[in-house]
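> The following block contains the structure, expressed as structure tokens.
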Amino acid sequence: MESGGDDVLGIDLGTTNSVVALADQRGVHVLPGSDGQPLIPSTVTFHPDGRVLVGASARQRRLIDATNTIYSVKRLIGRPFDCEEVRRAQSRFAFPFVASDTGGVLVQARGERYTLSEISAFVLREVRAVAERALGRSVKKAVVTVPANFNELQRSATKAAGRVAGIDVLRILNEPTAAALAYGYGRAERERVVIFDLGGGTFDITILDLAGEIFEVAATAGDTYLGGDDIDGLIAEQMAETFLVQHRVDLREARPAYERLRAAAEWAKCQLSSQPEVHVSMEQLAFGQGGRALDLDYRLTSKGLDAMAMPLLARTFDVCERAMASAGVRPTQIDRVILVGGSTRMPLVRRMVAEYFGREPRAEIDPDLVVAQGAAIQGRSLATSRAKGRIGRVALRRAAPPKLVAAEEVTAIPHVDATGMDFDEGDLLDDLDLEEIPARPPAPPVPMNVPTPTVRPPSLRMSVPSEAQPAMPPPILAAPMVVVAAPAASDLPSLDDLPDLPAMPDAPNDPSAAPPPDANTWGDQTLAEARPPLLVDVTPLTLALETVGGFCEPIIARNAAVPTEQERTFSVGRDDQETVVLRVCQGESRRAEENQVLGQITLELGEAARRGHPISVSFMLDAGGTLAVRAVDPRSGTERTAEIRLVGEVDVGATHAMAARLDDKYAES
């Protein structure tokens with residue numbers, strides 16, 4: 001197959017569905033699958049005949065083979081096995097979870113175990129195949145989006161999934177920021193915009209200041225375990241309670257039957273976005289005494305759904321308050337609110353958003369497709385920084401909603417007998433008692449055109465302590481000495497030397513290149529050609545180093561502009577210390593145990609150091625969200641630099657092994 005050269009895909013790797021788009025001189029095109037639909041279900045099933053199915057066919061098998069069909073694992077990627085989110089998932093999903101040797105999460109299907117990066121890689125490989133079939137050429141580069149509140153482990157795990165799928169991930173982009181790129185690309189006015197992004201598994205809010213070609217993120221916040229899946233779960237729980245009252249059988253104990261309930265719950269929720277009441281009739285969900293078929297008859301009104309979902313949706317506005325406080329603004333100071341994510345189709349969500357911000361949110365553009373379109377624009381920007389090209393017209397349009405399974409079709413799933421189911425640091429800075437070191441004055445402001453500091457290649461891989469390692473005593477860290485903040489645009493396209501290339505006309509038969517006749521575009525949403533935007537993003541969570549007493553010393557603050565480098569100096573607190581081990585955390589708590597441990601880095605001092613000996617520590621965060629940590633002993637000049645090592649799925653060898661297994665599975669398919 002012919003290579004796509006500088007083609008860079010925009011991929012929205014979603015919890016429920018994924019979307020792929022491409023931007024070129026003609027515009028931004030959402031690439032449909034073989035069924036003509038732009039939404040590719042993020043579902044993977046392992047068929048009894050050895051095939052691996054991804055997408056719509058896998059989603060259908062979820063109802064009849066729940067224990068071997070994997071879905072909605074995006075919100076768990078990069079998390080340790082021993083965390084509350086994984087425990088909640090274990091009680092909800094039919095497929096089993098197991099712990100990896102290094103504390104990560106594995107899922108099991110057909111007797112084999114898979115990392116969550118591998119599952120995501122199956123989806124990404126299918127998304128890439130969809131794009132290549134639509135374009136007729138090979139494409140290996142992409143910008144992949146993630147929830148804004150993903151931590152470093154989750155971002156790194158997503159990058160690893162891309163590598164396993166044979167994709168060169170040029171940038172990990174926050175989903176709300178991608179949506180803002182699609183919305184604001186080519187607009188000339190200044191405005192403050194909120195992206196309210198409620199998807200299937202996660203919620204994010206991002207506040208951006210748009211000024212022509214400059215997109216600056218003011219603040220971002222989110223909840224990586226809040227989305228439409230949770231509303232589906234509430235409805236399914238009520239269905240199960242209704243069935244229990246009607247037949248004295250608890251379908252929650254029969255996982256395949258409960259999967260049918262969840263599918264029907266999702267269908268009912270979607271229907272209630274456009275009608276006041278829905279009737280779900282499911283035949284032969286289980287069998288009672290004497291083989292009598294047990295059916296479910298269930299009615300739900302839109303008011304009943306609102307009462308059920310409102311406490312859950314209220315949590316989104318707690319997150320909004322945090323973002324507003326970080327940006328120093330109030331809801332009434334927002335110029336425009338944009339809804340993103342399939343769950344924002346719920347009328348209740350739109351009413352609550354309008355009440356909170358005091359203005360009607362803009363929902364004319366398709367909330368399911370806009371993130372992939374924005375990622376494609378960023379991908380084109382990265383490509384054209386070398387090719388000197390521009391993007392043509394951008395048409396954000398309302399797409400036809402995906403086909404939903406009707407209640408009558410749900411009843412056709414094979415019967416389930418609920419009465420007899422067979423479910424297929426050494427010492428971390430030791431006892432450093434760091435002396436108080438006077439802080440140096442802050443560095444002067446760095447001009448935006450100053451190059452990003454060079455990051456040395458990593459010489460040590462970062463690892464999370466395993467159970468075999470001795471317990472690490474709390475470190476003691478000193479007050480910060482130096483703060484060097486250098487957000488720069490050196491890795492973004494130049495805005496000064498782009499030639500004026502004429503836009504090519506839209507393809508006459510390309511439905512994604514221009515809005516359909518009945519599309520509701522707003523303002524100048526069908527945009528003329530414009531220069532690639534300059535994107536100034538932020539880090540969503542504080543990056544810190546563990547200190548004495550189990551506390552954390554922040555190094556890079558939450559909502560700091562990226563790329564950036566921050567440096568602190570600490571001192572040895574015990575005589576005759578030869579080794580320093582630094583433990584890196586991410587989160588907003590001052591207690592290390594309440595934050596996510598990212599890994600550790602060991603620095604050999606060469607010779608024993610006396611108490612008060614300084615150690616310089618730098619955190620370097622690039623525009624793609626990759627963190628590098630450098631520790632330097634000023635006396636000897638010894639230094640160690642490390643990148644984040646993933647929990648359970650980390651080294652290059654493991655990545656190659658996963659890729660080889662993925663190739664084998666696809667060969668079998």
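The values are calculated or read from the model by the stated rules, or taken from the named source; none is laboratory data. What you see is a predicted model; the values in this text were computed from it and never measured. Positions of Cβ are backbone-derived with ideal geometry, glycine not excepted, and every protein chain shown enters the neighbour counts. Quick note on the areas: whole protein, heavy atoms, side chains included, nothing else; ligands and nucleic acids left out. Shrake-Rupley method; radii C 1.70, N 1.55, O 1.52, S 1.80 Å.
> Would you work out which of Ala307, Pro256, Phe317 lies farthest towards the positive end of the dipole of the stretch 249-335, given +1 charges on the beta-carbon of Lys and Arg and -1 on that of Asp and Glu, about the Cα centre?
Looking along the dipole axis, the top candidate is Phe317.
> For the stretch 235-364, what is the accessible area per residue in Å², given a 1.4 Å probe and the full set of protein chains?
About 45 Å² of surface per residue is accessible.
> If you roll a 1.4 angstrom probe over the protein chains with everything in place, what fraction of the accessible area of the stretch 246-302 belongs to carbon and sulfur, to the nearest %?
Working: 1060 of 2570 Å².
Of all accessible area on the stretch 246-302, carbon and sulfur atoms account for 41 percent.
> Let me ask you something else. In a shell of Cβ-Cβ distance under 9 Å around Val617, excluding Val617 itself, what net charge do Lys and Arg (+1) and Asp and Glu (-1) give?
Neighbourhood net charge equals +1.
> Same structure, new question: Rg/Rh for the stretch 342-385 to two decimals, with Rh computed the Kirkwood way over all alpha-carbon pairs. Show your work: numbers first, answer last.
Numbers: Rg = 14.5 Å, Rh = 12.3 Å.
With Rh from the inverse mean 1/r over Cα pairs, Rg/Rh is 1.18.
> Rolling a 1.4 angstrom probe over the protein heavy atoms, how many square angstrom per residue are accessible across the stretch 169-209?
Roughly 18 Å² per residue, with all protein chains present.
> While we're looking at this one, here's another question. Take the alpha carbon atoms of the stretch 318-370, find their center, do the same for the stretch 63-111, and report the distance between the two centers in whole angstrom.
Going from one Cα centre to the other spans 32 Å.
> Using only the alpha-carbon atoms of the stretch 117-259 as identical scatterers, what base-10 log of I(q)/I(0) does the Debye formula give at q = 0.11 Å⁻¹?
Values returned for q = 0.11 Å⁻¹ are -0.61.
> With a 1.4 Å probe and all protein chains left in place, how much of the accessible area of the stretch 553-637 comes from carbon and sulfur atoms, in whole percent? Numbers along the way, then the final one.
Numbers: 1220 of 2990 Å².
The C+S portion of the solvent-accessible surface of the stretch 553-637 is 41 percent.
> Compare the Cα positions of Ala99, Leu39, Leu124 along the charge dipole of the stretch 37-155 (+1 at Cβ of Lys, Arg; -1 at Cβ of Asp, Glu; about the Cα centre) and return the one farthest towards the positive end.
Leu39
> Please report the orientation-averaged projected area of the stretch 1-123, defined via the convex hull of its C-alpha atoms, in nm².
9.6 nm²
> Order the peptides 28-37, 337-346 from the highest to the lowest mean number of other Cβ atoms within 10 Å of their residues.
337-346, 28-37
> Counting only protein heavy atoms and a 1.4 Å probe, tell me what percentage of the stretch 1-78's accessible area is made up of carbon and sulfur.
46 percent
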